[in-house]
Amino acid sequence: MRKIKKVLNKYFGEVEIALNDFDGAPIYQYLYAIDLCNGDYILHVDSDMLFHSGNGYSWIENAIECMQPILK
């Protein structure tokens, strides 16, 4: 329970928060997994999302370029 509280406090501060949202979807599990990542960028998607990029275009690269001003 200590680890759960530590992760939730990191993202929500010192407030009591449920482990699931109003519809029963997990909250803590996603944040725990993100917390374990060690890359410059993290992309979280759901199984009901579809992605496509045309030849020579990467929407991921474009998104990273768009975020550069706020990440510096």
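Laboratory data are not the source of any read-out in this text; all were calculated from the coordinates shown. Computed from a prediction, not measured in an experiment: that's the story for all the values here. Cβ atoms come from the backbone with ideal geometry, glycine included; neighbour counts cover every protein chain shown.
Here is how the numbers come out for the structure above:
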read-out: Computed lengthening from L71 to F22, 0.36 nm per intervening residue step minus Cα-Cα distance; value: 14.5 nm
read-out: Relative contact order of region 2-72, defined on C-alpha pairs under 8 angstrom at six or more residues apart (%); value: 20 percent
read-out: Longest DSSP-loop-exposure-free segment, chymotrypsin sites (Phe, Trp or Tyr not before Pro), the chain, at most 13 other Cβ within 10 Å; value: 1-21
read-out: Positive-end extreme of charge dipole, the chain - chosen from I70, V45, L19 (charges on Cβ); value: L19
read-out: Binned Cα-Cα distance frequencies in the chain - 10 Å width, integer %; value: 14, 35, 33, 16, 3
